[in-house]
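Chemist: Okay, handing you the structure first.
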Amino acid sequence: MRDTLRINGERLLARLAEMANIGATAKGGVCRVALSDEDKAGRDLFIEWCQAAGCVVTVDQIGNIFARRSGSDDDLLPVLTGSHLDSQPTGGKYDGVYGVLAALEVIETLNDAGIETQHPVEIVSWTNEEGARFAPGLIGSGVFAGEFELEHTLAITDKNGYTIGEELQRIGYAGQAQVGERRFSTAIEIHIEQGPVLESEGKTIGIVRGIQGMRWYDLVFTGQEAHAGTTPMDRRRDPVAGVSRVMQRIYALNEVYAPHGRVTFGDFKVEPGSRNTVPGRLTVTLDFRHPDSIVLDAVDREIRSIMTAECLALGIEGRVEEIWYMPPVTFAPQCITAVQNAAILLGCSSKVMISGAGHDAMYLSSVIPTGMIFVPCKDGLSHNELEHAEPMDLIAGGNVLLHTIQGLANPKTW
Ligand SMILES: [Zn+2]
């Protein structure tokens, strides 16, 4: 019975479509940014469905929603599954919401089949995953995991000066439950891939083994301002010459770690910024990502030595300012195995992979054994109104989630 159990795919697709009506945009996407009226309407609908499915709903002080289905042994820690209902201003119909509604579909399926799991199962919808209205993102899961402090987070403002705390009150989601007090045995998040790998390789399920790490820098080059016409090239101390050499060497360094390294010089500030003056100073941002912390550390050393060598050769000053370090996340072996087992049971083609994007599962993994499942999305396109996932893949992912949760919530019988 358990092995042949399948979700009700029609119901999942119908609910995804109904949720996509809330904040629907002309181009076929959604605008349901965190703590807006549309976010409230989406939350209300989700809770209505959870209560109709017999779940007990709790909202915590940062507005995270938990919906609990009892287990046969209610003293056991629940298995947590879910994602987020907020979207980008020009977001798609699947980013986040798929993980929440697939989780609900798993509970409905267990209800329909009259199956009791040993562990309770809880669905979660995290507050402000996207970070579009209130920066940074991943706030609900971040406060839950102790990454951000609650009071400080409630005081974060949007561009109109409204705080998270005020907006939670306004939409009726400033809950009572203490953030982070709930305990869970394991956590699983299903999400569209938001990248092109599964689609291009013709695979249905991504078994996510971790999330790549990230280092952010400002590279600051200081030379000397000079006249563009009268200063001979060999008399210049030109920071632009420095940045061009350093960038080439960092691109080349990244090749050594292909195909995983990601290097982005996203923003340049040139001072004074005049067409006919050799700049005195240039600052460039560097975003470097890789799944392996050993590589991230090696690259950190390399960047510093490249800066020193190239700036010395040009007679300019080079400084590396570290802005942020997010170490790579490695998901829990028991969660990876549970996803793998479910994919095999269902005969789905799969690929073990690393997530290029951050997700709620990232912070969660520091406090709960956590895993993720990916399904393909068309052309790898996300944070876009045209975001699309094939119904067949969404249903296959739902079934993998169902059997993953069955495995994690019934450890003795699996
Ligand atoms: Zn998302």
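The values are calculated or read from the model by the stated rules, or taken from the named source; none is laboratory data. Keep in mind it's a predicted model, so treat the numbers as computed, not measured. Please note: Cβ atoms are built from the backbone with ideal geometry, for glycine as well, and neighbour counts cover all protein chains shown. These accessible areas exclude ligands, DNA and RNA; they are computed on the full protein's heavy atoms, side chains included. Shrake-Rupley method; radii C 1.70, N 1.55, O 1.52, S 1.80 Å.
Chemist: For H383, work out the one condition from (1) within 20 Å of S200 (Cβ to Cβ); (2) within 16 Å of the ligand (Cβ to nearest atom); (3) open to solvent by less than 10 Å² (accessible area, probe 1.4 Å) it doesn't fulfil.
Modeler: (3)
Chemist: Can you tell me which of V106, V79, V100 is within 14 Å of the ligand (Cβ to nearest atom), closer than 25 Å to N399 by Cα and in contact (Cβ under 8 Å) with a residue 40 or more places away in the chain? Quick ask: steps written out before the conclusion?
Modeler: Working: V106 fails: within 14 Å of the ligand (Cβ to nearest atom); V79 fails: within 14 Å of the ligand (Cβ to nearest atom).
It is V100.
Chemist: Do the conditions hold for S365, that is, is it under 17 Å from Q194 (Cβ atoms), polar (S, T, N, Q) and open to solvent by 10 Å² or more (accessible area, probe 1.4 Å)?
Modeler: Values: under 17 Å from Q194 (Cβ atoms): no; polar (S, T, N, Q): yes; open to solvent by 10 Å² or more (accessible area, probe 1.4 Å): yes.
No, not satisfied.
Chemist: Which ones in segment 368-380 are in contact with a strand residue (DSSP E or B) (Cβ under 8 Å, 6 or more places away or on another chain) and open to solvent by 40 Å² or more (accessible area, probe 1.4 Å)? It would help to see each step written out before you state the result.
Modeler: Taking segment 368-380 first, the residues in contact with a strand residue (DSSP E or B) (Cβ under 8 Å, 6 or more places away or on another chain) are 368-377.
Of everything in segment 368-380, just one residue is in contact with a strand residue (DSSP E or B) (Cβ under 8 Å, 6 or more places away or on another chain) and open to solvent by 40 Å² or more (accessible area, probe 1.4 Å), namely P369.
Chemist: Another one. Is one or more of the residues making up segment 263-275 within 20 Å of the chain's Cα centre (by Cα), open to solvent by less than 20 Å² (accessible area, probe 1.4 Å) and closer than 25 Å to P376 by Cα?
Modeler: no
Chemist: Pull up segment 146-161, narrow it to residues that are open to solvent by 20 Å² or more (accessible area, probe 1.4 Å) and in contact (Cβ under 8 Å) with a residue 60 or more places away in the chain, then point me to the one that is farthest from T58 (Cα to Cα). Step through it out loud before you land on a result.
Modeler: Quick first cut of segment 146-161, residues open to solvent by 20 Å² or more (accessible area, probe 1.4 Å) only: 146-152, 154-157, 159-161.
Within this subset, residues satisfying the condition of being in contact (Cβ under 8 Å) with a residue 60 or more places away in the chain are 146-147, 150, 154.
Details: G146: 19, E147: 21, L150: 18, L154: 19 Å.
Result: E147.
Chemist: For the structure I just gave you, tell me whether G398 is open to solvent by less than 10 Å² (accessible area, probe 1.4 Å) and more than 16 Å from the ligand (Cβ to nearest atom). Steps first, please.
Modeler: Working: open to solvent by less than 10 Å² (accessible area, probe 1.4 Å): yes; more than 16 Å from the ligand (Cβ to nearest atom): yes.
Yes, satisfied.
Chemist: Now for a different question. Kindly indicate the residue of segment 339-377 that is within 16 Å of the ligand (Cβ to nearest atom) and in a helix (DSSP H, G or I) and also nearest to Q212 (Cα to Cα) among those meeting that condition.
Modeler: Going through the qualifying residues, I end up with M362.
Chemist: Would you check if E122 is more than 16 Å from the ligand (Cβ to nearest atom), of a type in the set (D, E, K, R) and touching a residue at least 12 places away in the same chain (Cβ under 8 Å)? Spell out how you get there, then give the answer.
Modeler: Numbers: more than 16 Å from the ligand (Cβ to nearest atom): yes; of a type in the set (D, E, K, R): yes; touching a residue at least 12 places away in the same chain (Cβ under 8 Å): yes.
Here the answer is yes, as E122 does meet what is asked.
Chemist: Could you list, in sequence order, the residues of segment 301-344 that are touching a Cys at 6+ places or on another chain (Cβ under 8 Å) and of a type in the set (F, W, Y)?
Modeler: Within segment 301-344, none qualify.
One line per residue, one yes/no per condition, for (1) away from the ligand (no atom under 16 Å from the Cβ); (2) closer than 30 Å to N399 by Cβ; (3) in contact with a Leu (Cβ under 6 Å, 6 or more places away or on another chain):
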site	(1), (2), (3)
S185	yes, yes, yes
V197	yes, yes, no
W216	yes, no, no
T231	yes, no, no
R235	yes, no, no
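Chemist: Take segment 162-179 and flag every residue that is open to solvent by less than 30 Å² (accessible area, probe 1.4 Å) and under 21 Å from I47 (Cβ atoms).
Modeler: Pass one, segment 162-179, residues open to solvent by less than 30 Å² (accessible area, probe 1.4 Å): 163-165, 167-168, 171, 173, 175, 177, 179.
Within segment 162-179, I164, G165, E167, L168, I171, Y173, G175, A177, V179 meet the criteria.
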